[in-house]
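These notes concern the structure reproduced below.
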Amino acid sequence: LNGIFVAELNLQNSLLNGTIPSEVGKVLTNLKILDLSYNNLTESIPSLRDLTALEILNLSHNKLTGSIPKELFSLSELAVLQANVNYLTGKIPDSFINAPKLKNLGLSENDLTGSIPIPMTLASLSELVSMKLMGNKITGTIPAALGSLTKLEKLEFSNNKMRGEIPNSLGKLIVLAELKLEGEENMFTGKVPDAICDLTDDSG
């Protein structure tokens, strides 16, 4: 099969099992959308470094294990990465902040650990609209630099092991519609900043 001109491969809910073949990038070189969600795929996510045109990758609701390959965030066209409801472990790669077109990051309901790898100042991720990390074992504080991502609409950190104060900078997110921080093991301190309480919907 010569799949070099295939732009979209949607195998959602197809009763697939086994592993994701690492060779997929060598065959489907023009692939923009890869949806393998709602299957029974196992073992680790391959680097997929050869899928240089990839824009959307959905691996949610499988049985994938291991860490998230840092090479995924080197894909310059990647806008959506969904890998919710798997058994992924380890830390979110530091290379996460290098994905220039990333809009939607969904890694909820895994076993991820470590802190969110965002530095004090952030010049990238300017397109990020949604970050959903709920239901992991993520530690550390909410990065104040998230307040510079003016397109953020959804932030979900519920049911992790985070701590510290909620940064005032989140009050700069004027389009923020969802901020979810609940969970018994999240140990946030202090009060909710007035700037966040003042965020309102322009529609009233």
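A few comments on the model shown:
- Fully extending the segment from ALA7 to ASP94 would add 28.5 nm, taking 0.36 nm per residue of separation and subtracting the current Cα-Cα distance.
- Share of carbon and sulfur in the accessible area of the range 15-109 stands at 52%, probe radius 1.4 Å.
- For the range 1-104, the set of GluC sites (Glu not before Pro) satisfying both a DSSP loop assignment and a count of at most 10 other C-beta atoms within 10 Å is given as GLU23.
- Placing +1 on the Cβ of every Lys and Arg and -1 on the Cβ of every Asp and Glu, with no other charges, gives the chain a dipole of roughly 380 debye about its Cα centre.
- Nearest-0.05 FRET efficiency for THR141 and ILE174, computed from C-beta distance (R0 25 Å): 0.65
- The range 56-142 - accessible surface per residue (Å², probe 1.4 Å): 39
- Counting only protein heavy atoms and a 1.4 Å probe, the range 1-55 has 60 square angstrom of accessible area per residue.
- The candidate values are [x] 18.3; [y] 11.8; [z] 10.2; the one derived from this structure for mean projected area of the Cα convex hull in nm² carries the label [y].
- Counting only DSSP H runs of at least 4 residues, each contributing -39500 (n - 2.57), and dividing by the residue count of the chain, the helix-based mean residue ellipticity at 222 nm comes to -500 deg cm²/dmol.
- Computed from backbone phi with θ = phi - 60° and the Karplus coefficients 6.51, -1.76 and 1.60, the 3J(HN,Hα) list for the range 104-118 is 9, 10, x, 10, 5, 6, 10, 10, 5, 10, x, 9, 6, x, 10 Hz; x is used for glycine and proline.
The values are calculated or read from the model by the stated rules, or taken from the named source; none is laboratory data. Only a predicted model underlies this, so the values are computations on that prediction, with no experimental measurement involved. Virtual Cβ from ideal backbone geometry, glycine too; neighbours counted across all protein chains shown. Side chains are part of the model used for accessible areas, which takes the heavy atoms of the whole protein and leaves out ligands, DNA and RNA. Shrake-Rupley method; radii C 1.70, N 1.55, O 1.52, S 1.80 Å.
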